[in-house]
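What follows is a short report on a single structure.
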Amino acid sequence: MSGRYARVRRPRRALVSTDLPWPALFLGEQLSHALNHGLPAHRRSGPLAAAVGRRGLPAPAVASLVARLPHRPAPATDAVLDAVREAWPTLVAAAGGAGGGGGDGGAPRPGRLAGDAPARLAALEVDRSGRRFVFVFADDPHPLLVLKSPDATADGAAEAEALTRAAALGLAPRCLGRIAGLEAQEGLTGRPLWVRPPGRPGWSGAYTDAYASLGAGLERLASATAVPGGPDRLLADAQPALPLVRSPRTRLLVEAALRDVRRLTHRSLQHHDLSAQNWLVRDDALVGLVDWDTAMLDGVPGHDALHAAVSLLEHGVGLRSRSPERVLSTFTRAWHEEPLLAQARRAHRACLVAATGSEALADRLAEPLQLAFFARRLGWVAVGDGHAALDVDTAERMLDHVARG
């Protein structure tokens, strides 16, 4: 079966099937979320991009524009859809007859991958960071499958293992093998959490329900994936931060914290990139986490909980300002005053209890591990592995603020 595709060249190269309405609508949503999560104030057209990032793009208008573009065949994309039809019984068996992403982050339950192949399939193919993504649609606006080319820079075995463990808890899509040389995962029915810019005191309360659902999921993840072991990787990642700490008192506190965290008895699976774009929700309930490319099988319990909250703050600032000073000032006000950061600290401790089974150990290590989290971030920035919202000075001053209590 041959389809017709609109070719989009900017802002992201894409082939959009016009056989069903869903691919074009989904593209509009993807572009909207990418701008919302992408620190738009840092762009060349900062004020305009930031305004659009705060409000979002109207997906129906994007779909209407796509419908007016010239339509052409795309044999390679059609071949992927043909391969999906041919592999359908295998896909259903790999999914266990379940859609795995239909709820609130609980255990998988019967869902969308079942029965015979849908009579009509359509595709959205997108180039993202040098990789090929093919979203396959059938009877509703949510992709039924997500297929992507392998990431040569990631540990594919670690990602597959992470997905297998998290999917068993209803926290990630299931891996379904390979189709036409692409890695296949089932599609989830949520959308990325929408980032809001910080505002008046209490602004982060808008995230309360979504974060509560995430925290419960991360606590289950820590409990189910905990294994005995020390924080060797955390300590190694944090070491580059120590020479960058300017305050002698803070340096002593960080060194003491890193000595304390050696007492951590368990590791657990850590997503390691839990920004809002990888956090899918429906009506503020967690549907699942995606993009496990950089997952750590030997991660630190609770660090995802801290990362998710701090990332929301930093990306929220990026909806209005490109100033590192604004990131720092927002963080220093929020760390002890905003509901989101208080939730993050509670969720962090809950994950420690879930992984170690010890309330007493969690009480002893919660604050040292929070300090180690910010030291690790500074270490990553120092070696060039940070993200656009941070520079060394900002990361160091955030660490200093946490150390000062």
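The values are calculated or read from the model by the stated rules, or taken from the named source; none is laboratory data. Just so we're clear, the structure is a prediction, and the values are computed from it rather than from any experiment. Methodologically, a virtual Cβ is constructed for each residue, glycine included, from the backbone with ideal geometry; neighbour enumeration extends over all protein chains shown. Side chains included, ligands, DNA and RNA excluded: accessible areas come from the protein's heavy atoms. Shrake-Rupley method; radii C 1.70, N 1.55, O 1.52, S 1.80 Å.
Observations, loosely collected:
- For a label point 7 Å along the Cα-to-beta-carbon line of residue 194, residues of the range 258-292 with backbone N under 17 Å: 276-287
- For residue 172, the residues 5 or more places off, or on other chains, whose built amide H falls under 5 Å of its own are 167, 289.
- Using θ = phi - 60° and Karplus 6.51 cos²θ - 1.76 cosθ + 1.60, couplings along the range 163-174 (whole Hz; Gly, Pro as x): 4, 4, 5, 6, 5, 4, 9, x, 10, 7, x, 7
- Global geometry of the range 164-262, whether rounded, prolate or oblate, following the gyration tensor of its Cα atoms and the 1.5 cut on a/c: oblate
- Once the Cα-Cα distance is subtracted from the 0.36 nm per residue extended length, the residue 149 to residue 333 segment shows a gain of 62.0 nm.
- Here the Karplus relation 6.51 cos²θ - 1.76 cosθ + 1.60, evaluated at θ = phi - 60°, turns the backbone of the range 329-340 into coupling constants of 5, 5, 5, 5, 6, 7, 4, 10, 10, 8, x, 4 Hz, with x for every Gly and Pro.
- Difference of contour (0.36 nm per residue) and Cα-Cα distance, residue 64 to residue 43: 5.0 nm
- Among residues other than residue 83 with Cβ under 15 Å from its Cβ, the summed charge is -1 (Lys and Arg +1, Asp and Glu -1).
- Where the chain is the region considered: accessible area per residue in Å², 1.4 Å probe: 42
- Taking the C-alpha atoms only, the angle from helix 75-94 to the longest principal axis of the chain is near 70 degrees.
- Scanning residues 5 or more positions from residue 132 or on other chains, those with amide H under 5 Å from its amide H are 149, with H placed 1.01 Å from N in the peptide plane.
- The range 252-282: trypsin sites (Lys or Arg not before Pro) in DSSP loop, at most 14 other beta carbons within 10 Å: none
- Nearest 10 degrees, 0 to 90: helix 392-403 Cα axis against the chain principal axis: 60
- Counting Lys and Arg as +1 and Asp and Glu as -1 over every other residue whose Cβ lies under 11 Å from the Cβ of residue 71, the net charge comes to +3.
- If both residues of a DSSP beta bridge must be in the chain, then about 100% of such bridges are antiparallel.
- C-alpha long axis of helix 359-382 to longest principal axis of the chain, angle in °: 70
- Whole-percent carbon and sulfur share, accessible surface of the chain, 1.4 Å: 53
- Theoretical gain in end-to-end length, residue 265 to residue 157 [0.36 nm per residue, Cα-Cα removed]: 36.4 nm
- Within the range 206-231: backbone nitrogen closer than 19 Å to the residue 342 label point (7 Å, Cα to C-beta): 206-216
- The range 220-273 shape via C-alpha gyration tensor axes, a/c threshold 1.5: prolate
- A 1.4 Å probe over all protein chains sorts 335, 203, 22 by accessible area into 22, 203, 335, starting with the largest.
- Summing Lys and Arg as +1 and Asp and Glu as -1 over all other residues whose Cβ lies under 15 Å from the Cβ of residue 360 gives a net charge of -1.
- In order through the range 137-147: 3J(HN,Hα) via Karplus (6.51 cos²θ - 1.76 cosθ + 1.60), integer Hz, x for Gly, Pro: 10, 10, 9, 8, x, 8, x, 6, 9, 10, 10
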